[in-house]
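Peer 1: Would you mind keeping the following structure in view while I ask a few things?
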Amino acid sequence: MSRFWRQRPSRRCAGRVGSRTLPALTVQLGARASIALPLALVDCSPMGVHRYELQAAGRLVFLGGNPAADRLLGVDNTAFIGRTIEEAFPLLADTEVPARYRAAAEHGTSWQTEQLAYADDQISGAFELHAFQTSPGKMAVLFQEVTERRRMEQALAQSEQRFRLLAENANDVIWTRGLDGKLTYVSPSVERMSGYTPAEMHQLTVVDTSDAESAQRIAELLAGELAKPLAERLPAVTADLVQISKDGRAYDVEISANWILDSEGNPIGVQGITRDISERKSAEAERAQLEAQLRQSQKMEAIGRLAGGVAHDFNNLLTGILGYSELIETSLNPADPICADLQEIRAAAERAAQLTSQLLAFSRKQTTAPLVVEPNAVVERSQRMLSRIIGEDVRLVFSPGDDLGHIKIDPAQLDQILVNLAVNARDAMPRGGELTIETSSSSLLDAPPLSNPAGVSERVVQIAMTDTGHGMDEETKARIFEPFFSTKSDSQGTGLGLATVYGIVKQNHGSIAVTSEPGAGATFRICFPTVTDSVASLEAPQVSQAGGTELVLLVEDDEMVLKLAKRSLERRGYQVLAAATGSDALVLADRQAGAIDLLLTDVVMPGMNGRELVAAMSKLQPTLKVLYTSGYTADVIARHGVLDEGTAFLQKPYDVASLCQKVRQVLGE
């Protein structure tokens, strides 16, 4: 019904006055029964009442209403008495109401309905109606306003609709459970996440859909909270758990839940949201791995800087120790007991030199002479050496691959990789076993990420070394490439073997990975990018250590090394002009009447460096042969432009034999 917004003061309820009975409203209760309600009672009713009479020609005439009707409709109903329903209430003319009222008056057909008025899709007014026959030809309608109730119901329905749309379209799973752990509601998104339909999920408990650890954690959390007093219980809980999908896949989820409480605040269930965080967990794990790699890189870089910082001075000292001990030894009778002592000194110096070399190798600052090699040839050549290293109780198996391609690396570095891995494998098999070396070719995409993939080919060569030793746990695997980390006793190693391998691999733009489990051995896989250049010969040229009579200009800023080299070369018959600086060397060259056959110069010197000295000397003698030497790291030498391919170079520390051999080699070219 439409409402007229004009308020009229309500009439007072009529009642019984003396012995006079007030008029009554007869309510027909069927074909044979009726009751008479005093109009006074009707007037006092909170429900609105309208009375009608069906007259000739089907005219349904308004007879009046009670005060509640005036209040509810905001009109004075007495103004409509005697009018037809269409005249009194024009807005009802085109509705089914007049026909229903006539049916009630004429045929006694009761009718109950609800009339709603809307504004902007919201209920603006609502009335419940009950039309019934009061006597033949007469009827009444009881009505009450239910606008607020209907608004609340509409708001609740809209809220439920929004929740349903949210639940049915959300990626997260919305759910409610009883205290027994069984679901009472779960959103359809559960099927996308777990593979179970909502109907299937209702038959399962938390234990059925979680891994053992998560299920136990949930049970303990629920029991612990229920055991607390109401005031101490957590209002909400968030936890990361692992759930199991229908196909058996484990996936990470984040669950946020709170209690469903009854009117007294007691928990009767749990409601919450489950979010799949597998991608987030994967990203976090990847970030943690990258951070660990960064820390490892920074740690190795720090040690590398330390090694590089002392390498120059240390190598000069070792050159002196090696050289002078050799000079003394060659001047003595081989039977002299002092020779044995000198040999121990040399052995200690050589071990120190090897340690320095390993430090520089893992820090990727080792000076190298890379060549294009065929991997199978290098591994094949190393078999005898590796067999001696691993011992007779370890069987060595080599399985070469076909059509590998070529790689560019210093053959000595590749030998060093093989030796260090073989030593590591041998120590993992104290009771013997089998060591297998396999070579193969694979796509760049199938290999672990290379240290510098830019510009490399799409193929890599993989060298895999597998042992049958005791294997490693995850904690050990995470640290095996750290310098000075070792699971062996102090007498068995320095902890630089695998660190050296790692450094060499990275220096040559390769990658290295290890797979191992306790008791199941270990496999180290090393990948190097292939090159298309021609293969170099692995056969070292036979160079005599014999001396000569050529004139050598020796330039060295370290006095001890300068004296050692001068004395060593002169003992082999060479003529030597010695200078401590580049400028001194130019003065000596200018005074020299004849040609100088070889310039043997340190790379890094105060004032004029080796490269600048060579440039100045080339103006005086364009065909001058040059041999560089240095105890600095590769990066320092490279900054002085001396690591160009084809440049003759002698790395410190060196002994007398190595010096004389290299001098003879350069002069003989």
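Peer 1: Under 12 Å from the Cβ of THR601, count the other residues' Cβ atoms, weight Lys and Arg +1, Asp and Glu -1, and hand me the total. Could you put the intermediate results ahead of the total?
Peer 2: Details: positive: ARG611, LYS625; negative: GLU556, ASP557, ASP584, ASP602, GLU612.
Result for the local shell: -3.
Peer 1: Each residue of region 386-391 in order: what ³J(HN,Hα) in whole Hz does its phi give by Karplus 6.51 cos²θ - 1.76 cosθ + 1.60, θ = phi - 60°, with x for Gly and Pro?
Peer 2: Couplings: 5, 4, 5, 6, 7, x Hz.
Peer 1: Then there is this: Test of understanding: what is the full-extension gain from PHE163 to ALA478, defined as 0.36 nm times their sequence separation minus their Cα-Cα distance?
Peer 2: Result for the pair: 108.6 nm of gain on full extension.
Peer 1: A follow-up question, please. Using the beta-carbon distance between MET560 and ASP403 and R0 = 45 Å, what value does 1/(1 + (r/R0)^6) give for FRET efficiency, to the nearest 0.05? Numbers along the way, then the final one.
Peer 2: Working: r = 52 Å, r/R0 = 1.16.
For MET560 and ASP403, the calculated efficiency is 0.30.
Peer 1: As a footprinting exposure proxy, order ILE389, ILE268 by other Cβ within 10 Å, with the fewest listed first. Can you show the working numbers first?
Peer 2: On the way: ILE389 18, ILE268 11.
Ascending Cβ contact count within 10 Å gives the list ILE268, ILE389.
Peer 1: Further question on the same structure: Once each part is reduced to its C-alpha centroid, what is the distance from region 235-262 to region 592-612 in angstrom?
Peer 2: Measuring centre to centre over Cα atoms gives 75 Å.
Peer 1: Between THR147 and ALA56, what is the spin-label point distance in nm, taking each point 7 Å from the Cα along the Cα→C-beta axis?
Peer 2: Roughly 4.2 nm, to one decimal.
Peer 1: Most exposed first by the Cβ proxy, i.e. fewest other Cβ within 10 Å, how do CYS660, CYS44 rank? Intermediate results must be reported in sequence, preceding the final value.
Peer 2: On the way: CYS660 23, CYS44 16.
Going from sparsest to densest Cβ surroundings: CYS44, CYS660.
Peer 1: Mind ranking 189-199, 471-481 by how tightly packed they are, going by the mean number of other C-beta atoms within 10 angstrom, highest first? Kindly include the intermediate steps, with their values, before the conclusion.
Peer 2: On the way: 189-199: 16.5, 471-481: 14.8.
By packing density, highest mean first, the sequence is 189-199, 471-481.
Peer 1: Under a crude label model (7 Å from the Cα following the beta-carbon direction), how far is LEU221 from GLU517 in nanometres?
Peer 2: Result for the modelled spin labels: 3.1 nm.
Peer 1: Continuing with this model, one more query. Of the listed peptides 576-587, 131-142, what is their order by residue-averaged count of other C-beta atoms within 10 Å, with the highest listed first? Before the final figure, lay out each step's value.
Peer 2: Details: 576-587: 18.3, 131-142: 20.6.
Listed from highest to lowest mean packing, they are 131-142, 576-587.
Peer 1: OK, next. Whose amide H sits under 5 Å from the amide H of LEU627, counting only residues 5 or more places off or on another chain, with H placed in the peptide plane?
Peer 2: So LEU627 has HN proximity to LEU599, LEU600, THR601.
Peer 1: Once amide H atoms are placed 1.01 Å from N in the peptide plane, what residues at a sequence separation of 5 or more from TYR196, or on another chain, have their amide H within under 5 Å of its amide H?
Peer 2: LYS246
Peer 1: Another question, then. Using alpha carbons only, how many angstrom separate the centre of region 44-104 from the centre of region 372-419?
Peer 2: 110 Å
Peer 1: Could you give each residue of region 420-434 its phi-based ³J(HN,Hα) in whole Hz, using Karplus coefficients 6.51, -1.76, 1.60 with θ = phi - 60°, and x for Gly or Pro?
Peer 2: For region 420-434, the Karplus-derived couplings read 5, 5, 5, 4, 4, 5, 4, 5, 7, 10, x, 9, x, x, 9 Hz, x marking Gly and Pro.
Peer 1: I've got another one for you. If you stretched the chain out fully between GLN354 and GLU128, how much longer would it get, using 0.36 nm times the residue separation minus the C-alpha to C-alpha distance? Before the final figure, lay out the partial values.
Peer 2: Details: separation 226, 0.36 × 226 = 81.36 nm, distance 10.13 nm.
My answer for the length gained is 71.2 nm.
Peer 1: Taking the Cβ-Cβ separation of LEU230 and SER297 as r and a Förster radius of 51 Å, what is the calculated FRET efficiency to the nearest 0.05?
Peer 2: Details: r = 54 Å, r/R0 = 1.06.
Calculated value: 0.40.
Peer 1: Follow-up. Could you give the length gained on full extension between ILE81 and ILE260, defined as 0.36 nm per residue of separation minus the Cα-Cα distance, in nm? Can you show the working numbers first?
Peer 2: Numbers: separation 179, 0.36 × 179 = 64.44 nm, distance 5.64 nm.
Difference between extended and current length: 58.8 nm.
Peer 1: Sticking with this one: In nm, to one decimal, how far is the modelled label at GLU114 from the one at LEU588, with both set 7 Å along Cα→Cβ?
Peer 2: Each label point lies 7 Å from its Cα, and together they span 11.3 nm.
Peer 1: Then there is this: What are the aspartates and glutamates whose alpha-carbon lies under 16 Å from the alpha-carbon of LYS182, with same-chain residues fewer than 8 places away excluded?
Peer 2: Qualifying aspartates and glutamates at Cα under 16 Å: GLU200, ASP208.
Only the coordinates and a few stated rules stand behind these numbers; no lab work does. Computed from a prediction, not measured in an experiment: that's the story for all the values here. A quick note on method: Cβ atoms are made from the backbone with ideal geometry, for glycine too, and the neighbour counts reach across all protein chains shown.
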